[in-house]
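Undergrad: A single structure is presented below for examination.
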Amino acid sequence: MLIDLHTHSNASDGTDTPAGVIAAAAAAGLAVVALTDHDTTGGWAEAAAAAADTGVAVVLGTEVSARARGISVHLLSYLHDPAHPALTVELERTRSARLVRARTMVDRLAEDFDLTWADVVAQTTPDTTVGRPHIADALVANGVVADRSAAFATMLVPRSKYYVPHYAPDALDAVAAVRAAGGVPVFAHPGADARGRIVPDALIEAMAGAGLAGLEVHHRDHSPEQVARLGALAARLGLLVTGSSDYHGAGKPNRMGENVTDPAVFEAIEEQGTTAVVRP
Ligand code: AMP
Ligand code: FE
Ligand code: FE
Ligand code: ZN
(Lines give C-alpha, C1' and ligand atoms only; values in the text may rest on other atoms or scores of the structure.)
(Ligands and ions follow the chains in the order given, each with its own letter.)
Protein backbone atom coordinates (compact mmCIF):
# COMPACT_ATOMS: atom_id res chain seq x y z
CA MET A 1 0.00 0.00 0.00
CA LEU A 2 1.94 3.00 -1.33
CA ILE A 3 1.16 6.39 0.25
CA ASP A 4 2.61 9.68 -1.04
CA LEU A 5 1.60 12.73 1.02
CA HIS A 6 3.12 15.69 -0.86
CA THR A 7 2.33 16.70 -4.47
CA HIS A 8 1.62 19.86 -6.48
CA SER A 9 -0.79 20.67 -9.32
CA ASN A 10 -1.17 23.76 -11.49
CA ALA A 11 -3.20 25.31 -8.66
CA SER A 12 0.35 26.21 -7.56
CA ASP A 13 3.67 25.35 -9.20
CA GLY A 14 3.03 21.83 -10.52
CA THR A 15 2.40 21.29 -14.23
CA ASP A 16 -0.46 18.72 -14.07
CA THR A 17 -4.07 19.65 -13.39
CA PRO A 18 -5.38 18.45 -10.00
CA ALA A 19 -7.16 15.53 -11.72
CA GLY A 20 -3.93 14.86 -13.62
CA VAL A 21 -2.01 14.56 -10.34
CA ILE A 22 -4.45 11.93 -9.06
CA ALA A 23 -4.25 10.08 -12.40
CA ALA A 24 -0.43 10.15 -12.16
CA ALA A 25 -0.72 8.69 -8.64
CA ALA A 26 -2.88 5.87 -10.00
CA ALA A 27 -0.41 5.23 -12.83
CA ALA A 28 2.40 4.98 -10.24
CA GLY A 29 0.41 2.35 -8.33
CA LEU A 30 -0.32 4.48 -5.26
CA ALA A 31 -3.21 3.68 -2.89
CA VAL A 32 -3.22 7.14 -1.27
CA VAL A 33 -2.02 10.55 -2.46
CA ALA A 34 -2.15 14.00 -0.88
CA LEU A 35 -2.56 17.15 -2.98
CA THR A 36 -0.63 19.91 -1.19
CA ASP A 37 -0.45 23.01 -3.35
CA HIS A 38 1.33 26.07 -2.00
CA ASP A 39 -0.94 28.37 0.05
CA THR A 40 -4.21 27.27 -1.61
CA THR A 41 -7.06 24.76 -1.53
CA GLY A 42 -7.99 25.71 -5.10
CA GLY A 43 -7.32 22.20 -6.45
CA TRP A 44 -9.26 20.33 -3.77
CA ALA A 45 -12.63 19.94 -5.53
CA GLU A 46 -11.16 18.64 -8.78
CA ALA A 47 -8.75 16.27 -6.96
CA ALA A 48 -11.55 14.92 -4.74
CA ALA A 49 -13.73 14.27 -7.79
CA ALA A 50 -10.88 12.27 -9.38
CA ALA A 51 -10.73 9.73 -6.51
CA ALA A 52 -13.69 7.71 -7.81
CA ASP A 53 -12.37 7.58 -11.40
CA THR A 54 -8.87 6.47 -10.44
CA GLY A 55 -9.37 4.28 -7.36
CA VAL A 56 -6.86 6.38 -5.40
CA ALA A 57 -7.76 7.75 -1.94
CA VAL A 58 -7.15 11.51 -1.84
CA VAL A 59 -5.86 13.43 1.19
CA LEU A 60 -6.65 17.14 0.82
CA GLY A 61 -3.92 19.45 2.04
CA THR A 62 -1.98 22.67 1.60
CA GLU A 63 1.74 23.49 1.82
CA VAL A 64 1.69 26.64 3.93
CA SER A 65 4.54 29.14 3.44
CA ALA A 66 5.97 30.32 6.75
CA ARG A 67 9.13 31.87 8.14
CA ALA A 68 11.27 31.53 11.26
CA ARG A 69 14.12 33.95 12.01
CA GLY A 70 14.27 34.83 8.31
CA ILE A 71 14.44 31.17 7.27
CA SER A 72 11.78 29.84 4.87
CA VAL A 73 9.65 27.08 6.43
CA HIS A 74 7.16 24.98 4.45
CA LEU A 75 4.42 23.53 6.62
CA LEU A 76 2.17 20.80 5.21
CA SER A 77 -1.38 21.03 6.52
CA TYR A 78 -3.49 17.92 6.05
CA LEU A 79 -7.29 17.67 6.19
CA HIS A 80 -8.01 21.11 7.67
CA ASP A 81 -11.31 22.97 7.30
CA PRO A 82 -10.82 24.92 4.03
CA ALA A 83 -13.29 27.59 5.20
CA HIS A 84 -11.62 28.28 8.57
CA PRO A 85 -11.44 32.11 8.73
CA ALA A 86 -8.02 32.63 10.39
CA LEU A 87 -6.14 30.18 8.17
CA THR A 88 -7.96 31.39 5.04
CA VAL A 89 -7.02 35.01 5.81
CA GLU A 90 -3.35 34.04 6.32
CA LEU A 91 -3.23 32.10 3.03
CA GLU A 92 -4.85 34.98 1.14
CA ARG A 93 -2.38 37.42 2.63
CA THR A 94 0.54 35.23 1.51
CA ARG A 95 -0.94 34.70 -1.95
CA SER A 96 -1.37 38.42 -2.61
CA ALA A 97 2.13 39.13 -1.24
CA ARG A 98 3.47 36.48 -3.65
CA LEU A 99 1.89 38.38 -6.58
CA VAL A 100 3.51 41.70 -5.63
CA ARG A 101 6.81 39.90 -5.04
CA ALA A 102 6.70 38.10 -8.41
CA ARG A 103 5.98 41.39 -10.22
CA THR A 104 8.93 43.03 -8.48
CA MET A 105 11.22 40.13 -9.43
CA VAL A 106 10.02 40.36 -13.04
CA ASP A 107 10.70 44.14 -13.05
CA ARG A 108 14.28 43.43 -11.94
CA LEU A 109 14.80 40.56 -14.39
CA ALA A 110 13.32 42.57 -17.28
CA GLU A 111 16.20 45.04 -17.00
CA ASP A 112 18.61 42.29 -18.10
CA PHE A 113 16.51 39.64 -19.89
CA ASP A 114 13.65 39.18 -22.36
CA LEU A 115 10.78 38.87 -19.87
CA THR A 116 7.42 40.59 -19.25
CA TRP A 117 4.74 40.13 -16.61
CA ALA A 118 2.40 38.88 -19.34
CA ASP A 119 4.91 36.08 -20.08
CA VAL A 120 4.65 34.95 -16.45
CA VAL A 121 0.84 35.21 -16.38
CA ALA A 122 0.80 33.01 -19.50
CA GLN A 123 2.38 30.25 -17.38
CA THR A 124 -0.48 30.29 -14.85
CA THR A 125 -4.20 29.59 -14.68
CA PRO A 126 -6.65 31.93 -12.92
CA ASP A 127 -6.15 31.67 -9.12
CA THR A 128 -2.76 29.91 -9.37
CA THR A 129 -0.50 30.57 -6.37
CA VAL A 130 2.29 32.37 -8.22
CA GLY A 131 5.87 31.42 -7.41
CA ARG A 132 9.38 31.53 -8.77
CA PRO A 133 8.73 28.38 -10.87
CA HIS A 134 6.30 30.38 -13.04
CA ILE A 135 8.98 33.02 -13.61
CA ALA A 136 11.34 30.17 -14.48
CA ASP A 137 8.83 28.71 -16.94
CA ALA A 138 8.46 32.11 -18.66
CA LEU A 139 12.25 32.38 -18.96
CA VAL A 140 12.32 28.89 -20.48
CA ALA A 141 9.51 29.79 -22.92
CA ASN A 142 11.46 32.89 -23.97
CA GLY A 143 14.60 30.83 -24.56
CA VAL A 144 16.58 32.59 -21.81
CA VAL A 145 17.32 29.35 -19.91
CA ALA A 146 17.00 25.64 -20.70
CA ASP A 147 14.82 24.54 -17.78
CA ARG A 148 13.49 25.43 -14.31
CA SER A 149 16.61 24.11 -12.58
CA ALA A 150 18.86 26.37 -14.67
CA ALA A 151 16.70 29.40 -13.88
CA PHE A 152 16.88 28.62 -10.15
CA ALA A 153 20.61 28.00 -10.18
CA THR A 154 21.48 31.31 -11.82
CA MET A 155 18.71 33.87 -11.29
CA LEU A 156 16.08 32.86 -8.73
CA VAL A 157 18.06 31.76 -5.64
CA PRO A 158 17.87 34.00 -2.56
CA ARG A 159 21.41 35.35 -3.07
CA SER A 160 20.57 36.53 -6.64
CA LYS A 161 20.14 40.29 -7.16
CA TYR A 162 16.75 39.55 -8.75
CA TYR A 163 15.40 37.77 -5.66
CA VAL A 164 12.70 39.40 -3.53
CA PRO A 165 11.19 37.79 -0.38
CA HIS A 166 7.45 37.74 0.34
CA TYR A 167 5.30 37.92 3.47
CA ALA A 168 4.69 34.61 5.22
CA PRO A 169 3.42 33.96 8.75
CA ASP A 170 5.77 33.00 11.58
CA ALA A 171 6.29 29.21 11.71
CA LEU A 172 4.92 28.87 15.27
CA ASP A 173 1.83 30.90 14.37
CA ALA A 174 1.36 28.77 11.23
CA VAL A 175 1.42 25.54 13.27
CA ALA A 176 -1.18 27.00 15.65
CA ALA A 177 -3.35 28.25 12.75
CA VAL A 178 -3.32 24.83 11.07
CA ARG A 179 -4.34 23.12 14.34
CA ALA A 180 -7.05 25.75 14.95
CA ALA A 181 -8.42 24.92 11.49
CA GLY A 182 -8.52 21.21 12.39
CA GLY A 183 -5.51 20.40 10.22
CA VAL A 184 -2.54 18.13 10.87
CA PRO A 185 0.73 20.10 10.57
CA VAL A 186 3.82 18.31 9.21
CA PHE A 187 7.09 20.17 8.57
CA ALA A 188 7.97 19.71 4.85
CA HIS A 189 11.61 18.95 3.91
CA PRO A 190 13.01 20.45 7.17
CA GLY A 191 16.55 19.41 6.24
CA ALA A 192 16.70 20.62 2.61
CA ASP A 193 19.97 22.50 3.11
CA ALA A 194 20.81 22.89 -0.59
CA ARG A 195 17.83 25.27 -1.06
CA GLY A 196 18.93 27.71 1.63
CA ARG A 197 19.30 27.95 5.39
CA ILE A 198 17.50 25.33 7.49
CA VAL A 199 16.14 25.70 11.02
CA PRO A 200 17.91 24.27 14.10
CA ASP A 201 16.61 21.49 16.36
CA ALA A 202 15.50 24.05 18.95
CA LEU A 203 13.05 25.64 16.51
CA ILE A 204 11.60 22.24 15.57
CA GLU A 205 11.23 21.54 19.29
CA ALA A 206 9.35 24.84 19.70
CA MET A 207 7.10 23.92 16.76
CA ALA A 208 6.40 20.56 18.43
CA GLY A 209 5.36 22.50 21.54
CA ALA A 210 3.00 24.58 19.38
CA GLY A 211 1.27 21.45 18.03
CA LEU A 212 3.42 20.12 15.18
CA ALA A 213 2.36 16.55 14.34
CA GLY A 214 5.26 15.30 12.24
CA LEU A 215 8.40 15.71 10.18
CA GLU A 216 8.78 14.87 6.48
CA VAL A 217 12.00 12.91 7.04
CA HIS A 218 12.15 11.03 3.75
CA HIS A 219 12.48 13.53 0.89
CA ARG A 220 14.88 13.69 -2.05
CA ASP A 221 16.38 16.98 -0.86
CA HIS A 222 17.63 15.33 2.37
CA SER A 223 21.18 13.96 2.68
CA PRO A 224 21.67 10.73 4.68
CA GLU A 225 22.94 12.95 7.52
CA GLN A 226 19.71 14.99 7.55
CA VAL A 227 17.57 11.82 7.45
CA ALA A 228 19.47 10.52 10.50
CA ARG A 229 19.24 13.87 12.35
CA LEU A 230 15.52 14.31 11.67
CA GLY A 231 14.65 10.67 12.40
CA ALA A 232 16.33 10.94 15.81
CA LEU A 233 14.65 14.28 16.49
CA ALA A 234 11.20 12.87 15.59
CA ALA A 235 11.78 9.94 17.95
CA ARG A 236 12.88 12.25 20.79
CA LEU A 237 9.94 14.64 20.33
CA GLY A 238 7.31 11.97 19.63
CA LEU A 239 6.59 13.27 16.11
CA LEU A 240 5.23 11.26 13.19
CA VAL A 241 7.68 10.47 10.36
CA THR A 242 6.50 10.86 6.78
CA GLY A 243 8.10 10.32 3.37
CA SER A 244 6.86 11.90 0.16
CA SER A 245 7.84 12.79 -3.40
CA ASP A 246 7.02 16.54 -3.60
CA TYR A 247 5.90 15.75 -7.17
CA HIS A 248 5.59 18.83 -9.45
CA GLY A 249 4.70 17.10 -12.77
CA ALA A 250 7.15 18.06 -15.52
CA GLY A 251 8.42 20.97 -13.40
CA LYS A 252 10.86 18.89 -11.36
CA PRO A 253 12.51 15.46 -11.65
CA ASN A 254 10.67 14.17 -8.52
CA ARG A 255 8.78 10.97 -9.42
CA MET A 256 5.39 10.18 -7.89
CA GLY A 257 5.85 7.69 -5.02
CA GLU A 258 9.66 7.96 -4.94
CA ASN A 259 9.35 8.34 -1.15
CA VAL A 260 6.37 6.98 0.76
CA THR A 261 4.72 7.07 4.19
CA ASP A 262 3.98 4.16 6.51
CA PRO A 263 0.25 3.18 6.60
CA ALA A 264 0.14 3.53 10.42
CA VAL A 265 1.36 7.14 10.11
CA PHE A 266 -1.28 7.86 7.46
CA GLU A 267 -3.93 6.44 9.84
CA ALA A 268 -2.73 8.73 12.64
CA ILE A 269 -2.94 11.77 10.31
CA GLU A 270 -6.44 10.76 9.20
CA GLU A 271 -7.57 10.42 12.83
CA GLN A 272 -6.29 13.90 13.73
CA GLY A 273 -7.75 15.72 10.69
CA THR A 274 -11.13 17.46 10.42
CA THR A 275 -11.82 16.91 6.71
CA ALA A 276 -12.45 13.31 5.62
CA VAL A 277 -10.06 11.48 3.31
CA VAL A 278 -11.82 11.08 -0.08
CA ARG A 279 -12.08 7.34 -0.70
CA PRO A 280 -12.88 6.02 -4.17
P1 AMP B 1 8.59 30.19 -4.21
O2 AMP B 1 7.36 29.47 -3.77
O3 AMP B 1 8.32 31.28 -5.15
O4 AMP B 1 9.47 30.63 -3.06
O5 AMP B 1 9.46 29.12 -5.01
C6 AMP B 1 9.79 27.91 -4.35
C7 AMP B 1 9.40 26.73 -5.22
O8 AMP B 1 10.32 26.65 -6.28
C9 AMP B 1 9.50 25.40 -4.49
O10 AMP B 1 8.25 25.03 -3.96
C11 AMP B 1 9.89 24.45 -5.57
O12 AMP B 1 8.75 23.91 -6.18
C13 AMP B 1 10.58 25.29 -6.61
N14 AMP B 1 12.04 25.12 -6.65
C15 AMP B 1 12.92 25.42 -5.69
N16 AMP B 1 14.19 25.14 -6.09
C17 AMP B 1 14.08 24.64 -7.35
C18 AMP B 1 15.01 24.14 -8.31
N19 AMP B 1 16.32 24.14 -8.07
N20 AMP B 1 14.52 23.70 -9.50
C21 AMP B 1 13.21 23.70 -9.75
N22 AMP B 1 12.28 24.15 -8.89
C23 AMP B 1 12.71 24.61 -7.70
FE1 FE C 1 6.83 23.99 -5.21
FE1 FE D 1 8.17 22.88 -0.20
ZN1 ZN E 1 6.15 21.02 -2.03
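Undergrad: Can you tell me which of 241, 217 is modelled with pLDDT of 95 or more, in a strand (DSSP E or B) and either surrounded by fewer than 19 Cβ atoms within 10 Å (Cβ to Cβ) or more than 16 Å from ligand 4 (Cβ to nearest atom) (or both)?
TA: On the way: 217 fails: either surrounded by fewer than 19 Cβ atoms within 10 Å (Cβ to Cβ) or more than 16 Å from ligand 4 (Cβ to nearest atom) (or both).
That would be 241, the only listed residue that is modelled with pLDDT of 95 or more, in a strand (DSSP E or B) and either surrounded by fewer than 19 Cβ atoms within 10 Å (Cβ to Cβ) or more than 16 Å from ligand 4 (Cβ to nearest atom) (or both).
Undergrad: Starting from the range 231-248, take each residue that is farther than 23 Å from residue 35 by Cβ and away from ligand 3 (no atom under 16 Å from the Cβ) and list its partners that are assigned to a strand (DSSP E or B) and among the β-branched types (Val, Ile, Thr), counting only C-beta distances under 9 angstrom and pairs at least six apart or across chains.
TA: 231/217; 231/241; 233/217; 234/217; 234/241; 235/241
Undergrad: Okay, moving on. Can you tell me which residue among 168, 151, 136 is surrounded by 21 or more Cβ atoms within 10 Å (Cβ to Cβ), assigned to a loop (DSSP other than H, G, I, E, B) and touching a helix residue (DSSP H, G or I) at 6+ places or on another chain (Cβ under 8 Å)? Give the steps one after another, and end with the answer.
TA: Numbers: 151 fails: assigned to a loop (DSSP other than H, G, I, E, B); 136 fails: assigned to a loop (DSSP other than H, G, I, E, B).
Result of the check over 168, 151, 136: 168.
Undergrad: Given the conditions (1) away from ligand 1 (no atom under 16 Å from the Cβ); (2) within 25 Å of residue 217 (Cβ to Cβ), report the number of the one that residue 5 does not fulfil.
TA: Single failed check for residue 5: (1).
Undergrad: Of all residues in the range 75-90, which are surrounded by fewer than 23 Cβ atoms within 10 Å (Cβ to Cβ) and in contact with a Pro (Cβ under 9 Å, 6 or more places away or on another chain)?
TA: Answer for the range 75-90, where residues must be surrounded by fewer than 23 Cβ atoms within 10 Å (Cβ to Cβ) and in contact with a Pro (Cβ under 9 Å, 6 or more places away or on another chain): just 88.
Undergrad: Any chance the range 42-49 includes a residue that's more than 16 Å from ligand 3 (Cβ to nearest atom), under 23 Å from residue 189 (Cβ atoms) and among the aliphatic types (A, V, I, L, M)?
TA: We begin by selecting, within the range 42-49, every residue more than 16 Å from ligand 3 (Cβ to nearest atom); these are 42, 44-49.
Now drop any that are not under 23 Å from residue 189 (Cβ atoms), which leaves 42, 44, 47.
From what is left, the residues that are among the aliphatic types (A, V, I, L, M) are 47.
Yes: one or more hits.
Undergrad: Tell me whether the range 237-255 contains one or more residues that are of a type in the set (A, V, I, L, M, F, W, C), away from ligand 2 (no atom under 16 Å from the Cβ) and over 22 Å from residue 179 (Cα atoms). Lay out the reasoning, then the answer.
TA: Initially, the range 237-255 is screened for residues of a type in the set (A, V, I, L, M, F, W, C), giving 237, 239-241, 250.
Narrowing further to those that are away from ligand 2 (no atom under 16 Å from the Cβ): 237, 239-241.
So of that shortlist, the ones also over 22 Å from residue 179 (Cα atoms) come out as none.
Within the range 237-255, none of the residues are of a type in the set (A, V, I, L, M, F, W, C), away from ligand 2 (no atom under 16 Å from the Cβ) and over 22 Å from residue 179 (Cα atoms).
Undergrad: Tell me which residues, restricted to the range 171-182, are of a type outside the set (Lys, Arg) and in a helix (DSSP H, G or I).
TA: Initial filter on the range 171-182 (of a type outside the set (Lys, Arg)): 171-178, 180-182.
If the condition is that a residue be of a type outside the set (Lys, Arg) and in a helix (DSSP H, G or I), then 171, 172, 173, 174, 175, 176, 177, 178, 180 are the ones that fit.
Undergrad: Can you name the residue in the range 66-125 that is among the hydroxyl-bearing types (Ser, Thr, Tyr) and under 28 Å from residue 242 (Cα atoms) and, of all such residues, is nearest to ligand 1 (Cβ to nearest atom)?
TA: Taking the range 66-125 first, the residues among the hydroxyl-bearing types (Ser, Thr, Tyr) are 72, 77-78, 88, 94, 96, 104, 116, 124-125.
Subset that is under 28 Å from residue 242 (Cα atoms): 72, 77-78, 88, 94.
Working: 72: 7, 77: 15, 78: 17, 88: 19, 94: 10 Å.
Top of the filtered list is 72.
Undergrad: Among the residues of the range 4-31, which ones are crowded, with 24+ Cβ neighbours inside 10 Å and more than 16 Å from ligand 4 (Cβ to nearest atom)?
TA: Of everything in the range 4-31, just one residue is crowded, with 24+ Cβ neighbours inside 10 Å and more than 16 Å from ligand 4 (Cβ to nearest atom), namely 22.
The values are calculated or read from the model by the stated rules, or taken from the named source; none is laboratory data. In this text the structure is predicted, and so the values were computed from the model without any measurement. Glycine gets a Cβ as well: all are built from the backbone with ideal geometry, and neighbour counts include every protein chain shown.
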